[in-house]
Amino acid sequence: MIIAYICYGSAHSSIVAASIHVGLLPSDRIPTFDEILSMPHYDLTDGNQIGIPFYMGIDEYDNDVYAIGAKSGRKIMMKAVRSFLKESGIGENEIMLIDTLPAIGLLTKLGGMTSRRFKIISVGRPFTVYGIIKKYNNFLDIVNKVKSRLKELD
């Protein structure tokens with residue numbers, strides 16, 4: 001199965017959730033500032049990379065895990081993928097699409113806009129990290145629900 005965590009710009013929330021899922025970030029504690037910054041792709045995505053899946057690793061169930069940015073078209077993209085799978089005769093159980101944007105708060109949104117859109121990285125990036133730390137339990141909840149569903153399917 002393919003697991004795809006989806007957010008606005010594939011720079012923050014999808015990267016964090018996918019990193020937790022594959023063990024790049026802890027699932028038993030809040031990570032440090034530096035641990036968050038050390039994730040692949042964290043706060044590094046350019047606009048031309050939106051919509052391109054970033055491979056984040058493989059989970060304990062042998063599923064490939066990705067992070068994808070879809071701007072404000074997350075729901076449309078998810079619907080299109082499911083429709084494409086159905087039309088192609090591929091079962092919906094071959095891919096799991098998870099919207100991670102609801103996990104973040106205002107601090108990460110403002111930091112992300114400052115860093116990625118306005119290119120004021122030295123100001124925006126720390127705000128994104130502090131926002132992620134503040135809302136980290138939301139990410140743990142999302143990933144734990146996904147893993148529970150995967151365990152049921154196994």
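The values are calculated or read from the model by the stated rules, or taken from the named source; none is laboratory data. Nothing here was measured: the structure is a model prediction, and the numbers come from that model. Reconstructed Cβ throughout: ideal geometry from the backbone, glycine too, with neighbour counts over all protein chains shown.
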Yes/no for residue 140 being in contact with a helix residue (DSSP H, G or I) (Cβ under 8 Å, 6 or more places away or on another chain), over 17 Å from residue 44 (Cβ atoms) and either aliphatic (A, V, I, L, M) or in contact (Cβ under 8 Å) with a residue 12 or more places away in the chain (or both) = yes
Evaluate the stretch 55-76: report whether one residue or more is out of contact with any helix residue (DSSP H, G or I) (no Cβ under 8 Å at 6 or more places or on another chain), modelled with pLDDT under 95, surrounded by 13 or more Cβ atoms within 10 Å (Cβ to Cβ) and over 20 Å from residue 25 (Cβ atoms).
-> yes
So the helices (runs of 4 or more DSSP H) completely within the stretch 1-91 holding 3 or more residues that are within 20 Å of residue 134 (Cβ to Cβ) are 13-22, 33-37
How many residues are outside any helix (DSSP H, G or I) and either farther than 24 Å from residue 75 by Cβ or in contact with a strand residue (DSSP E or B) (Cβ under 8 Å, 6 or more places away or on another chain) (or both) if we restrict to the stretch 105-128?
-> 3
Top-ranked residue of the stretch 92-104 - restricted to ones that are in a helix (DSSP H, G or I) and charged (D, E, K, R), ranked as nearest to residue 66 (Cα to Cα) | 94
Just a yes or no: is a residue in the stretch 32-48 out of contact with any helix residue (DSSP H, G or I) (no Cβ under 6 Å at 6 or more places or on another chain), charged (D, E, K, R) and modelled with pLDDT of 95 or more?
-> yes
Checking residue 61 against (1) in contact with an Asp or Glu (Cβ under 7 Å, 6 or more places away or on another chain); (2) closer than 18 Å to residue 41 by Cα; (3) of a type outside the set (S, T, N, Q), which test does it fail?
-> (2)
Would you confirm whether any residue within the stretch 114-133 is surrounded by 12 or more Cβ atoms within 10 Å (Cβ to Cβ), among the hydroxyl-bearing types (Ser, Thr, Tyr), under 20 Å from residue 30 (Cα atoms) and modelled with pLDDT of 95 or more?
-> yes
Do we have residue 28 as farther than 24 Å from residue 150 by Cα, of a type in the set (Asp, Glu) and without any contact (Cβ under 8 Å) to a residue 12 or more places away in the chain here?
-> no
